[in-house]
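The structure appears right after this line, and notes come after that.
The values are calculated or read from the model by the stated rules, or taken from the named source; none is laboratory data. All values reported here derive from a predicted model rather than from experimental measurement. Glycine also receives a Cβ, built like all others from the backbone with ideal geometry; neighbour counts cover every protein chain displayed.
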Amino acid sequence: MRTLTDSGGAPSARTGRPPATPRSATSAGGRGLSRRAITMILLVAPALILLLLINAYPLVVAASQSVHNGTLIVTGEFVALTNYADVLTSPRFWSAARFTLIFTVVGVFGSWLVGMGLALLLRTRIPGRGLFKVLLMLPWVVPIVVSATAWNWLVGTATSPVPTAAAKLGFGELTFLADPTLAAITVCVFKVWVSFPFMMLMTSAALAAVDATVYEAAGIDGASRRQQFVHITLPLISRSTYISWILMTIFCVNDFPTIYLLTGGGPVDATSSLVVLAYRSVFQDLQTGPGVAIAFLMTLVLVIISTTLYRQIRKVDIA
Amino acid sequence: MNKATPGGVTRRGFLGLAGAAIAAPALAACNVSGNSGANNSGGGGGSLKFWDMPWGTPAYNELGKKLVTGYTPPEGSGKATYQVIQWNGFYQTFSSAIASKTGPAVSSGAGFQAFQFADQGQIAYADDFIETLKKDGTYDDFLPGVIDTMKTDKGYVAVPWQTDVRPFWYNKALLDQAGAKVPTTWDELLAAGLALKKIGVSGFATGSGADNPGGSHHMVAMMINNGGGLFDADGKPDCVTEANIQAMSFVRELTNEGIIDKGAVSYTIDNLDTQWNNKKAGIGIHSPGLAARASKVGKDLHVMSPLKSPSGTVAGLYFVNNLMMYTNTPSQEASEAFLKYYLSQIHTYWENPVGMAVPVLKSIASADYFAKDPNQVAIVEKWIPVCKTYAAQKTQSFAALAAVDGGQPLAKFAQTMLQGKTDPKAALTTLQQGLESIVKR
């Protein structure tokens, strides 16, 4: 395998220059970085500096805000970890954390189940399969603002189509977004609806990579469809599955528009997730420090979850 | 080693270019951050930046742009530029612009924005400007009391230009159909609501869904109507009062009687407008522009007189929208000159109806073009004289009101009341704690 380090000894095809000797590749006296290393650092530097400006600088500013009691304009007084303590002792934070957990679990596994089911279905030779694929991608492709508006139109008021149909079917007057439990269910279902195409794509790609002869061999050995699915399909697509779980977990925990556009976190905080709570703290309650503290705590949780799942992927690779 | 290939660039040259590319924006950024002078001060190149919100139909902003670009500045001052700032995320927009010294010199904005930014040292107080208004007689043209709503201990934070009242509206056709009379007291409101309920219509249309502050406004309006409010005379949260408990008990009764729509807790502004348009709303508190928003039934919609509460008080809620000047300006004189010009032109918005709220100037309120709309006249004549701000019972507004209006504690409180399950005193106690946590910061 050709690497950057071993390329130093190869003749330069473009210039025809002889390979550089170790002496010429290092700085005088052999101390410090080689000229090649310096060149590479300098080449990487622009991208690195941009990355630092775009990511690291806001992160540092946000970290500073989380330990001050200021606003978006003024820094305020240093309050150490008071904002974190206030947040962690607030019932509203734990209520939001609980809903975030429910939303994420339903969002990840709901969309995965639906997506995988449809991906398996689309492998069968059904007429108009291409058209179905396109139609099934629509929830992912359509802007979330449009989807949320459409869902609000469907379920928002007593005269909306779904409550009207439910009433005619004898379910009584259902207020999908006004009842806390129904609102939480509606938001979770909406998330599954928006996300399943992504899972379907990921699973379809993974399924396409599975060698068909494996199934033929299993069939000859007498494995049933269920056994083939459990013992062949799931293990062979597990790497892709774990990656999609990691990504969807991050999507769900960080998902602001799905919830905010449909319910705004209500009624009475029933659908308030951590990211919605952080937003409302900063931009509605105008409490920058606590809001940013929530965002940092969320990041910490996401890092833990992602690392755990990533380790799972490595285990799969090793196996 | 460093020979350039024909038409190419040497490695050293490339690195130099890359360094320059990085250095240029960095140096530019340093220049911006180090420059608090004229270039970015409320308008590049000496021009004066005016930021405006979408206060009415799209025609409003088109008209606004014409007014601003038609401004002839005094000698030595730059022209004014016009920029529309959307309500969505306006706080971020203003805050980030002010923090980076690229904000406006003059702007309209949310009702308590001037108080909020004044608290952070970003507002140029309008005391001198108000003095000039007194001298030229414009001060006397303002409706009684409205200028005083801008007063703080440090001075006037802004100048009013329109009021956003929260009057009761009713649909006459629906009331007639239900055989109900237009209510003048809470008892009559309850009776009318029960009559409307029989024909499947809400007698207290409200909503507290995503991004809809209506529910919060309506709860506070009922408290103020009954002689209560969120604050005491010193501006400290004072929610658990007899007047407020009585008002919220009445709201709970309306909810439990089915007069308030069961789904109201989640209604967005659009949902609520749809309810009015679909003849599902018979009576309710709304903005002055309801007849235009619910155009399908606009001709049947009328403004009620303020209700007489059980406490014997007659009062309402309003927001005094204002024009504020910022410390980051080409010059204070330029800001004041522009503001004076703009105030002299705002009548245009009512001469060419563009979905505006209620004027603050008597000359506009008494003009023929304004008198064409009896609902707006009723708001000016019947409501404004008895209206109070969110600060009630304190007479002066203050910075924390920006967080109270639209903040989580009040929104959650409104939703709790609209569910009709919680004891009003318990809900008000929770609200008190929520407001204390916001106001103390």
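General observations
- Any chance B:Ala337 is in a helix (DSSP H, G or I), in contact with a strand residue (DSSP E or B) (Cβ under 7 Å, 6 or more places away or on another chain) and more than 14 Å from chain A (Cβ to nearest Cβ): no
- As a summary of the residue check, B:Val146 satisfies the conditions (1) at pLDDT below 95; (2) surrounded by fewer than 17 Cβ atoms within 10 Å (Cβ to Cβ) except for the one numbered (2).
- A residue that is in a strand (DSSP E or B) and either under 18 Å from the mean Cα position of the chain (by Cα) or polar (S, T, N, Q) (or both) occurs somewhere in the stretch B:179-202.
- Subset of the stretch B:392-441 (residues that are at the interface with chain A (Cβ under 10 Å from one of its Cβ atoms), over 26 Å from B:Asn321 (Cα atoms) and assigned to a loop (DSSP other than H, G, I, E, B)): B:Lys421, B:Thr422
- In the stretch B:366-383, the residues that are touching a residue at least 60 places away in the same chain (Cβ under 8 Å) and over 17 Å from B:Ala292 (Cβ atoms): B:Lys382, B:Trp383
- Screening A:Thr149 against (1) away from every other protein chain (no Cβ under 14 Å); (2) assigned to a helix (DSSP H, G or I); (3) in contact with a helix residue (DSSP H, G or I) (Cβ under 9 Å, 6 or more places away or on another chain) leaves a single unmet condition, (1).
- Screening the stretch B:88-170 for helices (runs of 4 or more DSSP H) wholly inside it with 1 or more residues that are touching a Phe, Trp or Tyr at 6+ places or on another chain (Cβ under 9 Å) and closer than 23 Å to B:Ile384 by Cα returns the ranges B:113-119, B:127-136.
- Residue within the stretch A:264-287 that is surrounded by fewer than 16 Cβ atoms within 10 Å (Cβ to Cβ), under 26 Å from A:Thr186 (Cα atoms) and within 14 Å of chain B (Cβ to nearest Cβ) present: no
- Residue identified as surrounded by 19 or more Cβ atoms within 10 Å (Cβ to Cβ), within 22 Å of B:Tyr390 (Cβ to Cβ) and of a type in the set (A, V, I, L, M) among B:Ala334, B:Ala315: B:Ala315
- Among the residues of the stretch B:293-308, at least one is modelled with pLDDT under 95, of a type outside the set (Val, Ile, Thr) and closer than 23 Å to B:Asp405 by Cβ.
- For the stretch B:319-328, the criterion of being more than 18 Å from the chain's Cα centre (by Cα) and either without any contact (Cβ under 8 Å) to a residue 24 or more places away in the chain or at positive phi (or both) is met by none of the residues.
- Evaluation of B:Ile85 against (1) crowded, with 16+ Cβ neighbours inside 10 Å; (2) out of contact with any Gly (no Cβ under 6 Å at 6 or more places or on another chain); (3) within 14 Å of chain A (Cβ to nearest Cβ); (4) free of Cβ contacts under 8 Å to residues at least 60 places away in the same chain (one fails), failing number: (3)
- Scanning the stretch B:231-266 for residues that are within 14 Å of another protein chain (Cβ to nearest Cβ) and among the small types (Gly, Ala, Ser) yields B:Gly258, B:Gly263, B:Ala264, B:Ser266.
- Residue match in the stretch A:106-128 (condition: within 13 Å of chain B (Cβ to nearest Cβ), in a helix (DSSP H, G or I) and either more than 21 Å from A:Val275 (Cβ to Cβ) or hydroxyl-bearing (Ser, Thr, Tyr) (or both)): no
- Count of residues meeting criterion [among the hydroxyl-bearing types (Ser, Thr, Tyr) and surrounded by fewer than 18 Cβ atoms within 10 Å (Cβ to Cβ)] in the stretch B:247-292: 1
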